[in-house]
Amino acid sequence: MRKNTLIAAFVGLVLPVLSTSAQDKVDFQKQVYPLIKASCVQCHRPEHESPDRPGRKVKPKGGYVFTNAESLSAAEGEEGVKFIVPGKPADSRIIQVVNLPLDDEYHYPPEGKAPQWTKAEIALVTKWIEEGADFGGWKEDDKPLEYPEWDGKEKE
Ligand code: HEC
């Protein structure tokens, strides 16, 4: 190949790959939050009145609320491990718990209670943390008590 051809090949093939990966930065609100909403919010939403027993309060499990950026950023799980450590998915409790074996007592979401994240979904959340866990201006869910109904079937 001539030098010009090589340069053309570089510009044509390599640069687009570099620029798409920059564009492909994971978008928290569009890509990550829906996964949290579907699999975690049922148990980790703000305190609210019980629909079945009026007057009774339902508290977020473990005291953890996943419906706003501030509490997600501040939360610490077992042994003080922060839920989200920007740039370090392996040190982030959210990634640790979903990767534990299903029958581990610290695996979340508990089996059969909410849909498990697929490998691709875990990879996406992992990438978001790797890229710096940028909430991109997202502050909170404006309907923090609602979550999608689950038909009980795990995704492939
Ligand atoms: C069916 C209810 C339920 C769902 C759904 C659920 N959790 Fe939890 N989670 C709990 C309970 C209960 C605790 C508190 C356990 C305790 O305090 O001993 C907890 C605690 C935690 C903790 C802190 C404990 C630790 O091991 O560090 C993390 C982290 C966590 N959940 C992550 C998640 C994530 C991530 C999701 C969604 C992918 C999720 N949970 C979905 C019930 C749930």
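Computed from the coordinates by the stated procedures, all read-outs in this text should not be read as laboratory data. From a predicted model like this one, the values you see are computed outputs, not experimental measurements. Counting neighbours? That spans all protein chains shown, and the Cβs are built from the backbone with ideal geometry, glycine included.
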- Task: Among the aspartates and glutamates, select those whose C-alpha is under 18 Å from the C-alpha of K82, and discard any that sit fewer than 8 residues away in the same chain.
- Result: E70, D91, E130, E131, D134
- Counting helices only, and only those DSSP H runs with n ≥ 4, report the 222 nm mean residue ellipticity of the chain as the sum of -39,500 (n - 2.57) divided by its residues, in deg cm²/dmol to the nearest 500. -8000 deg cm²/dmol
- Step through the table entries K25/K57; K119/K139; K30/K113; K37/K88; K25/K153, compare each Cα-Cα distance with 32 Å, and write down the pairs that go over it. K25/K57
- Query: What are the residues whose amide H is under 5 Å from the amide H of E140, where those residues sit 5 or more places off or on another chain and H is modelled from the backbone?
  - Reply: A69
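Taking K and R as +1 and D and E as -1, what net charge do the other residues with C-beta under 14 Å from the C-beta of K37 add up to? It would help to have the intermediate numbers written out before the result.
Values: positive: K30, R45, K143; negative: E121, E140, D141, D142, E146, E149.
Once all neighbours under 14 Å are counted, the net charge is -3.
Please state the shape class of the chain: rounded when a/c is under 1.5, otherwise prolate if a/b exceeds b/c and oblate if not, all from the C-alpha gyration tensor. Mind showing how you got there, number by number?
On the way: a/c = 2.40, a/b = 2.30, b/c = 1.05.
Prolate, since a/c reaches 1.5 and a/b exceeds b/c.
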- Query: Does the stretch 73-156 come out rounded, prolate or oblate by the C-alpha gyration tensor, with a ≥ b ≥ c the root eigenvalues, rounded set by a/c under 1.5 and, if not, prolate when a/b is larger than b/c and oblate if not?
  - Reply: oblate
- Item | Tilt relative to the chain, helix 119-130 - C-alpha long axis, 0 to 90 degrees, to 10 | 80 degrees
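Taking the Cβ of L72 as the center, what net charge do the other residues with Cβ under 14 Å away carry, scoring Lys and Arg +1 and Asp and Glu -1? Show your work: numbers first, answer last.
Working: positive: K37, R45, K82, R93, K139; negative: E70, E76, D134, E140, D141.
Local charge sum for L72: 0.
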- Query: Mind checking which aspartates and glutamates have their C-alpha under 14 Å from K59, skipping anything on the same chain fewer than 8 residues away?
  - Reply: E47, E49
